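Participant: Quick one: the structure is below, questions incoming.
The values are calculated or read from the model by the stated rules, or taken from the named source; none is laboratory data. Nothing here was measured: the structure is a model prediction, and the numbers come from that model. Here the Cβ positions follow ideal geometry from the backbone for every residue, glycine too, while neighbour counts run over all protein chains shown.
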Amino acid sequence: MKRLTGLLVTTLTVPCLALTACGGDDEDFFGDAGAGDDDDDDDASDESGGTPAGCADPNDASAPVVTISGNIDGGDAWSCESIYLLDGPIFVNGGTLSIGAGTTVKGTAGSALVINSDATLDVQGTEDAPVVMTSALPEGERNRGDWGGLILIGLAPNNLEGGVGAAEGFATPPEYGGSDEAHSCGTLSYLRVEWAGFELSAGNELNGITFYSCGTGTRVDHVQVHMGQDDGIEMFGGNFDSKYLVVTGAADDSLDCDEGFRGKIQHMFLQQDPTVGDNCFEWSNQGANFTATPLTGPTVANVTCVGSGDGGEKSKGMTLKEGTEAGIYSSIFTGITNEGVLLTHQETQDIAEGGGIVMAGNIFSGHAGFAVGEGEEGTMWSADDLQTWILDGGNMDGVDPAFPSVAWGSPNIAPAADSAAASSGATPSDSFFDATSYSGAVEPGTSDDWTQAGWINYTP
């Protein structure tokens, strides 16, 4: 386990804060396309490298550091005047851990932040002062898997037998799942999680952010996971909604949904590393019972997925399997090394034919076609049948979305104003979703591209 030395260490124990951005309806909470509260002078960045005024500079060795080396019982409040150093797996038990705008949390090797089912996390960053959870190593020396990432444990339903599972990767794993559909794991607003996902054992890594059965009371907006060792974001059951998500450089899947997750997501940018990365979407039920309810069934709209391109090996647009449901609207999949869509298991074909999978208003460009499973994962459909089903559903293939650039580390994914994406969208019939006429994460021709905001980091 790595420890930092030569730092000013202080101790902080204060009651958690009641922050005004908690609660409210979806319109008030999720806001518009990425605007932060720019009227607060305390959120303004200084002129010496982007650290918000009044906040500890994470690159300054003399900055005050609070080392967290034991569990947090009953809640706490972390503010940006100090850097918080996670020394080992930290469990929050009971109460609320509040993290204020501009706060930096650094994880050492073997560390992780775990919000137990009797606690909540309240992250209240802003566009100019996001909360950043990152590696404790210096900039330029960081790698995927430097620390474990963020894990949230909830009590909402999943489709496991008995409805309760054990979270992966712990000597004494916390249990997740239950019958509380409205359970809240907390609020995540303007949060970036970087360089996470250390390997627990061969083929078993933690993700950037893992949501275990988080219910409808959970609020998530303006969140990025960057350069994770395994999946960027993974949901095990639960049912919460989110807007403005970014996953960049995940070594495995960008968005992995399983065990009955049924949330809604709009405005999301996913970009794979040019050499590693599997699916932008991998959605499944659970391996033992493909008909267990609730079926996995996310609904997403206005997503841009940029794959690994020529340098990738596993890169796919999406894999839908094990009888999952899905709604995929107004999205763009481009630069995919392999299949744009891989559909496996006859149960998944049956769901699609029964209307449980809907794809509409999507553009596929630069991929190796559509494919179905083989052997035990096979379907009665052929690849041609799948292609026909996709194109007959109101989607386009082989159409250039006209992005200015998909360069790794400096993407510009606002399509040209005359792009085919400008009028190809299809909005789900659900009041959660903003009505859009375009496909992709960013409106074509806009001068207000939310994926270029300062809370996002594209540096490899």
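Participant: On the given criteria, is Thr103 among the polar types (S, T, N, Q), buried (at least 21 other Cβ atoms within 10 Å of the Cβ) and in the same structural domain as Tyr176 (by TED's automatic domain parsing)? Please lay out each step first, then the result.
Facilitator: Numbers: among the polar types (S, T, N, Q): yes; buried (at least 21 other Cβ atoms within 10 Å of the Cβ): yes; in the same structural domain as Tyr176 (by TED's automatic domain parsing): yes.
Against the criterion (among the polar types (S, T, N, Q), buried (at least 21 other Cβ atoms within 10 Å of the Cβ) and in the same structural domain as Tyr176 (by TED's automatic domain parsing)), Thr103 qualifies.
Participant: So, one more: Report, by residue number, each residue of region 274-283 that is surrounded by fewer than 21 Cβ atoms within 10 Å (Cβ to Cβ) and within 20 Å of Ile233 (Cβ to Cβ).
Facilitator: Residue satisfying the conditions is Val276 alone.
Participant: Can I ask one more? Under 7 Å by Cβ, and 6 or more places apart or on different chains, what pairs join a residue from region 47-76 that is among the acidic types (Asp, Glu) with one that is modelled with pLDDT of 95 or more?
Facilitator: Asp57/Ala63; Asp73/Asn93; Asp73/Gly94; Asp76/Leu97
Participant: Let me ask something additional. What pairs come out if I take residues in region 95-122 that are more than 26 Å from Pro138 (Cα to Cα) and modelled with pLDDT of 95 or more and pair them with residues that are buried (at least 23 other Cβ atoms within 10 Å of the Cβ) and basic (Lys, Arg) whose C-beta lies under 8 Å away, six or more apart or interchain?
Facilitator: Between residues of region 95-122 that are more than 26 Å from Pro138 (Cα to Cα) and modelled with pLDDT of 95 or more and residues that are buried (at least 23 other Cβ atoms within 10 Å of the Cβ) and basic (Lys, Arg), there is no close pair.
Participant: I'd like to check something: does region 135-151 contain any residue that is crowded, with 18+ Cβ neighbours inside 10 Å and under 19 Å from Gly95 (Cβ atoms)?
Facilitator: Looking for residues that are crowded, with 18+ Cβ neighbours inside 10 Å and under 19 Å from Gly95 (Cβ atoms), one finds at least one in region 135-151, hence yes.
Participant: Can Thr275 be described as modelled with pLDDT of 95 or more, touching a helix residue (DSSP H, G or I) at 6+ places or on another chain (Cβ under 8 Å) and polar (S, T, N, Q)?
Facilitator: Details: modelled with pLDDT of 95 or more: yes; touching a helix residue (DSSP H, G or I) at 6+ places or on another chain (Cβ under 8 Å): yes; polar (S, T, N, Q): yes.
For Thr275, the condition - modelled with pLDDT of 95 or more, touching a helix residue (DSSP H, G or I) at 6+ places or on another chain (Cβ under 8 Å) and polar (S, T, N, Q) - is met.
Participant: How many residues does region 82-110 hold that are out of contact with any Cys (no Cβ under 7 Å at 6 or more places or on another chain), closer than 14 Å to Val131 by Cβ and in a loop (DSSP other than H, G, I, E, B)?
Facilitator: Number of matching residues: 1.
Participant: In region 111-131, how many are within 20 Å of Pro58 (Cβ to Cβ) and not hydrophobic (A, V, I, L, M, F, W, C)?
Facilitator: So the count comes out to 7.
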